[in-house]
Amino acid sequence: MGKKSRKPNGRSRGGGRKVDAVVTAKTKDLLTNDEKIKKQYTDGTLTAKTLRIAVATALGVDEEGIKKTVKAAVLAYMDEHRHEENEAATQRESDARIQAEIEKLKAENAELRADEISRATARAKATAKATPHKGYAANPQFSKAISNLIETIGQNEEDVEDFKEFLNSIKRRHYPGPIECVETIASWPRLRKHWPRLRRRICSYCGKGTFDLSAPRLLVCGGCYQGRGVGRYCSEDCQREHWPEHQKACMKLHIAWPSKSERDAYLAPFMKDLRQCKEKGLTLEEYLALGGTEAERLRLARSGNA
Ligand SMILES: [Zn+2]
Ligand SMILES: [Zn+2]
């Protein structure tokens with residue numbers, strides 16, 4: 001059966017060379033462009049028979065008759081591409097080596113940083129022990145140790161912005177003593193991955209709050225949206241106290257009045273009311289009950305109804 005070619009000018013009739021050229025070209029074409037063949041060739045599962053059948057089918061010729069030509073064409077193709085393949089393999093190997101080297105350096109770096117942080121923490125704790133409780137925050141040795149600890153932790157570029165926000169949110173926090181202050185700052189490497197959720201549980205003004213994720217979230221400023229810098233408060237008093245500072249960042253204001261001079265003009269009367277609240281020792285609620293009109297507008301603005 002294999003002896004009779006379906007093509008009129010098959011090998012046996014002397015047109016062999018022309019057919020060979022067509023078969024060779026088709027073999028090369030399939031190896032280069034046929035996704036299935038290409039994949040099998042690359043992962044080493046392509047058999048001579050599969051390729052032969054594919055070539056025969058594509059050309060409508062008998063499979064047996066093209067055996068030699070396909071084989072020769074594959075060998076030529078392999079020869080042509082060996083160089084390319086070797087180069088690609090060498091490239092892959094070197095990429096993998098570089099990647100492994102990078103990973104190793106990263107791991108070493110992380111270890112080194114963890115060491116540095118634990119040393120800075122130990123130094124800060126030793127200083128804290130030697131610092132008198134009274135006025136410890138202003139003690140120069142203690143502030144130096146804290147600055148050093150902050151600088152050491154802050155060297156991690158990946159989370160430096162979150163770390164800044166964390167520090168900002170705990171800057172007015174009251175600690176039982178200097179050790180607790182050190183411990184809170186030093187806890188950042190453990191807290192960092194939970195920060196997007198923890199930040200909702202720390203008061204933007206007094207820094208009171210918990211690192212317990214099951215605790216309820218705090219009040220959110222009505223003008224803010226989400227993410228970094230959102231005002232969150234443990235009480236209305238804290239919200240009021242924080243307003244003069246927070247109004248510089250509060251997004252609602254920035255959208256309504258993009259220029260600083262406009263914002264200042266808009267806020268001036270509120271600032272006056274706030275000062276009066278404070279001078280009279282009243283909460284905003286009490287002040288409103290006594291008829292503070294600008295403050296009422298402010299309250300509305302802050303709760304998102306203005
Ligand atoms: Zn608070
Ligand atoms: Zn806000």
* Take Q141 and decide whether it is under 30 Å from N109 (Cα atoms) and part of a loop (DSSP other than H, G, I, E, B). => no
* Conditions (1) part of a helix (DSSP H, G or I); (2) touching a residue at least 12 places away in the same chain (Cβ under 8 Å); (3) closer than 26 Å to Y233 by Cβ: number failed by R173 -> (1)
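Of the residues that make up segment 258-275, is at least one within 37 Å of the chain's Cα centre (by Cα), at pLDDT 70 or above and surrounded by 13 or more Cβ atoms within 10 Å (Cβ to Cβ)? Please lay out each step first, then the result.
Here is the first cut: in segment 258-275, the ones within 37 Å of the chain's Cα centre (by Cα) are 258-264, 267.
Next, from what is left, pick out any that are at pLDDT 70 or above: 258-264, 267.
Cutting the leftovers down to surrounded by 13 or more Cβ atoms within 10 Å (Cβ to Cβ) gives us 263, 267.
Scanning segment 258-275 turns up at least one residue that is within 37 Å of the chain's Cα centre (by Cα), at pLDDT 70 or above and surrounded by 13 or more Cβ atoms within 10 Å (Cβ to Cβ).
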* **The lone exception for T184 - which of (1) over 18 Å from G229 (Cβ atoms); (2) more than 16 Å from ligand 1 (Cβ to nearest atom); (3) not in a loop (DSSP other than H, G, I, E, B) it fails** => (2)
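Specify which of the listed residues (K71, K67, K106) is farther than 18 Å from T27 by Cβ, among the basic types (K, R) and not assigned by TED's automatic domain parsing to the domain that holds E158.
Testing whether each residue is farther than 18 Å from T27 by Cβ, among the basic types (K, R) and not assigned by TED's automatic domain parsing to the domain that holds E158 leaves just K106.
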* Given (1) within 34 Å of the chain's Cα centre (by Cα); (2) hydrophobic (A, V, I, L, M, F, W, C); (3) modelled with pLDDT under 95, number of the condition A122 does not satisfy -> (3)
* To do: List every residue pair whose Cβ atoms sit under 7 Å apart, with the two residues 6 or more apart in sequence or on different chains, where the first one lies in segment 192-210 and is at negative phi and the second, anywhere, is β-branched (V, I, T) and surrounded by fewer than 20 Cβ atoms within 10 Å (Cβ to Cβ).
  => R201/T210; I202/I170
* **helices (runs of 4 or more DSSP H) wholly inside segment 187-257 that include at least 1 residues being within 18 Å of E165 (Cα to Cα) and within 16 Å of ligand 2 (Cβ to nearest atom)** => 236-246, 251-256
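For every residue, the table says whether it meets (1) in a loop (DSSP other than H, G, I, E, B); (2) of a type outside the set (S, T, Y); (3) on the phi > 0 side of the Ramachandran plot; (4) surrounded by 13 or more Cβ atoms within 10 Å (Cβ to Cβ).
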residue	(1), (2), (3), (4)
T57	no, no, no, no
K67	no, yes, no, yes
A73	no, yes, no, yes
I98	no, yes, no, no
L105	no, yes, no, no
S118	no, no, no, yes
* When you go through (1) among the charged types (D, E, K, R); (2) within 15 Å of ligand 1 (Cβ to nearest atom); (3) not assigned by TED's automatic domain parsing to the domain that holds A265 one by one for D212, which number turns out not to apply? -> (2)
* To do: Would you check which residues across segment 187-208 are more than 16 Å from ligand 1 (Cβ to nearest atom) and not hydrophobic (A, V, I, L, M, F, W, C) and list them?
  => S187, P189, R190, R192, K193, H194, P196, R197
* Asked: With (1) of a type in the set (K, R); (2) within 24 Å of R113 (Cβ to Cβ); (3) surrounded by 14 or more Cβ atoms within 10 Å (Cβ to Cβ); (4) not assigned by TED's automatic domain parsing to the domain that holds I150 as the list, and R232 as the residue in question, which single condition is left unmet?
  -> (2)
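The values are calculated or read from the model by the stated rules, or taken from the named source; none is laboratory data. Here the structure is a predicted model, which means the values were calculated and not measured. All Cβ positions, even for glycine, are placed from backbone atoms using ideal geometry, and neighbour counts span all protein chains on display.
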